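Enquirer: Take a look at this one; I'll ask things after.
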Amino acid sequence: MSAPVYGLILAGGSSSRMKRDKAALLYQGQSQLDRAFELAERHVSRVFVSVRASQADDPSRAHRPLIIDSVAGEGPIVGIRSALAAHPEAAWLVLACDLPFLRDATLERLLALRDASVFATAYRSSHDGLPEPLCAIWEPKAGAALAEHEAGGGHCPRKFLMRHAVRLLEPIDRQALDNVNTPEEYAEALAAIDAPT
């Protein structure tokens with residue numbers, strides 16, 4: 001029987017390129033973090049927010065169930081490893097908080113086509129064909145392998161997926177996994193989301 005799937009919203013970054021907290025950016029009056037959390041909540045039974053210890057009391061995060069980084073290192077790989085350690089019985093639907101174009105259909109397909117026999121199920125990037133680790137389902141067995149990857153100097157979850165057994169899906173929406181890292185990208189995303197349909 002496959003492990004249950006929980007949700008993890010990665011909101012522990014420093015937002016250095018944005019120069020302000022990306023989790024708090026607003027789209028149609030709702031923070032990026034709340035949008036991502038509620039999206040995941042529609043598809044899995046439990047959802048957590050991944051944070052650094054220094055962010056645990058932040059008002060935009062503290063009202064949500066948190067998984068605080070519990071392993072050494074930096075970047076999203078630490079959040080994924082911390083979640084796998086906190087609930088080793090679960091697989092994790094891992095989502096970056098800065099995916100304003102992500103919709104239900106993309107998550108529905110990811111969950112429907114999950115392959116629990118490999119380390120992860122992920123989409124290919126519509127830009128370069130490489131695995132997208134921050135909209136993916138990470139299986140429990142990935143925990144030990146991720147720790148080994150990081151111990152060997154690997155800090156990039158994408159490179160981990162490139163070197164291990166994963167199921168890669170073709171994207172159904174080319175824009176769904178576009179993230180927002182700079183003020184210019186935020187302005188473009190706001191314009192696109194607020195544009196009349």
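The values are calculated or read from the model by the stated rules, or taken from the named source; none is laboratory data. Since the model is a prediction, treat every value here as computed from it, not as a measurement. Please note: Cβ atoms are built from the backbone with ideal geometry, for glycine as well, and neighbour counts cover all protein chains shown.
Enquirer: Right, ARG103: over 23 Å from LYS159 (Cα atoms) and basic (Lys, Arg) or not?
Expert: It is true that ARG103 is over 23 Å from LYS159 (Cα atoms) and basic (Lys, Arg).
Enquirer: Residue by residue through region 155-197, note down the ones that are of a type in the set (S, T, N, Q) and exposed (fewer than 13 other Cβ atoms within 10 Å of the Cβ).
Expert: Selection gives THR182, THR197.
Enquirer: Identify the residue in region 161-178 that is more than 18 Å from GLY7 (Cα to Cα) and in contact with a strand residue (DSSP E or B) (Cβ under 7 Å, 6 or more places away or on another chain) and, among all such residues, is modelled with the lowest pLDDT.
Expert: PRO171
Enquirer: Go through ARG17, ARG35 for me and flag whichever is in contact with a Ser or Thr (Cβ under 6 Å, 6 or more places away or on another chain) and either closer than 18 Å to LEU134 by Cβ or touching a residue at least 40 places away in the same chain (Cβ under 8 Å) (or both).
Expert: ARG17
Enquirer: I'd like to know if region 136-156 contains one or more residues that are within 20 Å of LYS22 (Cα to Cα) and free of Cβ contacts under 8 Å to residues at least 40 places away in the same chain.
Expert: No, region 136-156 has no match at all.
Enquirer: Would you check which residues across region 166-187 are of a type outside the set (A, V, I, L, M, F, W, C), over 15 Å from CYS97 (Cβ atoms) and free of Cβ contacts under 8 Å to residues at least 24 places away in the same chain and list them?
Expert: Within region 166-187, just GLU184 meets the criteria.
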